[in-house]
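The values are calculated or read from the model by the stated rules, or taken from the named source; none is laboratory data. Just so it is clear, the structure is predicted and the values come from calculations on it, not from any experiment. Neighbour counts run over all protein chains shown; Cβ positions are idealised from the backbone, glycine included. Only protein heavy atoms, including side chains, enter the accessible area calculation; ligands, DNA and RNA are left aside. Shrake-Rupley method; radii C 1.70, N 1.55, O 1.52, S 1.80 Å.
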Amino acid sequence: MSLIGDSAQIEATAAAWFAKREGDDWSGADQAELDAWLNGATAHRIAFIRIAAAWERAGRLKALGAGVPPGTIPPRGARGMAPLPQADSSAGINKRLRALAAGLIVATAGAAAWYISRPQDTAYSTQIGALASVPLSDGSHVTLNTDSRIHVAFGAGKRVVKLDQGEAFFEVSKDRSRPFVVDMGSKQVTAVGTQFSVRRDGIEIRVLVTEGRVNIDRRDAPSGLGATQVAAGSQARTKGNSVLIDQPELTQVEQILSWRTGYLVFHETPLADAIAEFNRYNGRKIVIDDPTLASLRIGGRFRSTDAAAFLWLLQNGFPIIVAERDDRISLTRR
């Protein structure tokens, strides 16, 4: 078994380890190698526990929950399971950013929840926890994230999409005579033919460009400040009168765009940030009632609408007590 960095490959490796451990030829050397892999990263341990949880919830793994202390790796001994997939060293995300975006496009087709609200021909919105695939009349395509809303207004000289709230990924068809503009009140993102995501948080925005380039215009910026150009592979965030640009690592790009597949991906993410993301997709909010938990680091790949599995992992993989209240879910230290 080899150590694999990408979250999808980590999950496949965890599944392969789990299947091998339940076989008949498990040895002490195998156990030592598994222990080393589990101790190599928090993401490895979380992925392994998640595999065990899936089998428990399917009724195939009886050892879990029967005298197994919380936070421990379940013992081997469950039998009668269907084979789990083996890790594939060639699987995972291509090193090129464009290939990553293309892979996520394909995966989006399998997302769990799709909902399109069309009060009129040019308005589209999603409910909390839902995604929407929106083809536009010019051949462009928009994918809406949870709790998002756009208005589309195409004219002879310009294609305008107003992002009222939330987040969207845009695949823009080329038409140099009609620029494609994403309007967010005091800010605009303009493209001709490109692919990029935009997340709106109040008056601030985050833009990630995966193909081509875009311009960010700020109507509220001081006079003399022109448009900011953002090229493929770059991320831009607005903060007051500034636009901050960086080139995220591939793992960061995966994390930013993973919502399009119906999953959330975390890489050593503070628990407070992970919960903030989960709360975007679920009506019943998770609240950290012990501030000392906020800085715990989380890694792994989780379905965005499956808060129950995420909470199970927190309670069984970390020193955390999960308590369900009438209006929220409380986290305290064990």
Keeping all protein chains in place, calculate the accessible area per residue for region 154-245 (probe 1.4 angstrom), answer in Å². 43
Return the tail of the calculated pair distribution for region 276-326, meaning the percent of Cα-Cα pairs more than 18 Å apart. 27
Report the net charge of residues surrounding residue 318, where surrounding means a beta-carbon distance below 11 angstrom and charges are Lys +1, Arg +1, Asp -1, Glu -1. +4
With a cut-off of 17 Å, note down the residues of region 158-176 whose backbone N falls inside the zone around a label point 7 Å from the Cα of residue 122 toward its beta carbon. 158-165
In a shell of Cβ-Cβ distance under 11 Å around residue 127, excluding residue 127 itself, what net charge do Lys and Arg (+1) and Asp and Glu (-1) give? 0
For residue 158, solvent-accessible area (1.4 Å; no DNA, RNA or ligand), Å²: 100
Inverse of <1/r> over all distinct C-alpha pairs of region 129-280, i.e. the Kirkwood Rh in Å, gives 15.9
Residue-level accessible surface for residue 151, protein heavy atoms, 1.4 Å, Å²: 60
Under the rule of at least 5 residues apart or a separate chain, name every residue whose amide H is placed under 5 Å from the amide H of residue 205. 238
Taking each pair of different alpha-carbon atoms in region 157-198 once, compute 1/r for the pair, average those values, and report the inverse of that mean as the Kirkwood hydrodynamic radius in Å to one decimal. 10.5
For region 253-314, what % of the accessible area comes from carbon and sulfur atoms, probe 1.4 Å? 55
